Every structure is written in structure tokens, then in C-alpha cells.
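Inspection log for the structure reproduced underneath, given as C-alpha cells.
The values are calculated or read from the model by the stated rules, or taken from the named source; none is laboratory data. The model shown is predicted, which means the values in this text are computed figures rather than measured ones. All Cβ positions, glycine included, derive from the backbone under ideal geometry; neighbour counts span all protein chains shown. For the accessible areas, the whole protein counts, side chains as well, though only heavy atoms, and no ligand, DNA or RNA atoms are used. Shrake-Rupley method; radii C 1.70, N 1.55, O 1.52, S 1.80 Å.
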Amino acid sequence: MGKRVQAIVSEEEYGVLARLARERRSTVSSLIREAIQRTFVEEVSRQERRQALAELLSLSVPVEDWDEMEREIERGALE
């Protein structure tokens, strides 16, 4: 079960939400949950992935010749 959140929006904002909800055969609550997911939750996830990538790229690891590494990867996949 989720948490209940209450927010006050202007008449204009509610009008837009109500119209969109009707057009999409949805509810205002559903539109708001969708907006939260896209605006905040997905953004945090993108930021976390960017941070993880930055950390990986900052690692100082010895890298062999790419052709040799590719052969080793292929040999490992076949075993």
C-alpha cells in the first residue's frame, strides 16, 4: 500500500488536469502519480546511473590490447 499525499492546486491547474484525465480516460490522481514518476523518480534513477558510470570510468585499471581482450572474452564465453 502506498502513502497518501494531499496537495492544493489552482483552479487553472485542476482544469487542465481534469481535461487531460477525461481525454485519456484516466483520473486526475493517476496523472499526478504519472507526473511524479516521470519528473522525480526517473530523474533520480538517471542521476544514480550517471554517477555509477562516472565512478566506473574513473577507475584506474590496466587495460590490455583490445584485440587480445576480445579473444579472451570470446574464449571465456565458449568455455
Exercise. May I ask you to order 66-77, 9-20 by the average number of other C-beta atoms within 10 Å around their residues, highest value first?
Key: 9-20, 66-77
Exercise. Kindly give Rg over Rh for the chain, based on alpha-carbon atoms, with the Kirkwood expression for the hydrodynamic radius.
Key: 1.36
Quiz prompt | Cut-off 15 Å between beta-carbons: net charge of the residues surrounding E42, Lys and Arg +1, Asp and Glu -1 | solution = +2
Practice problem: Using a cut-off of 13 Å between beta-carbons, work out the net charge of the residues near L57 (Lys and Arg +1, Asp and Glu -1, L57 not included). | Solution: +1
Quiz prompt | Whole-percent carbon and sulfur share, accessible surface of the chain, 1.4 Å | solution = 55 percent
Quiz item: What nm value, rounded to one decimal, do you get for the distance between Y14 and E74 when each label is placed 7 Å out toward the C-beta?
Solution: 6.7 nm
Quiz item: Length gain on complete extension for the stretch R22 to R49, per 0.36 nm per residue less the alpha carbon to alpha carbon distance?
Solution: 6.2 nm
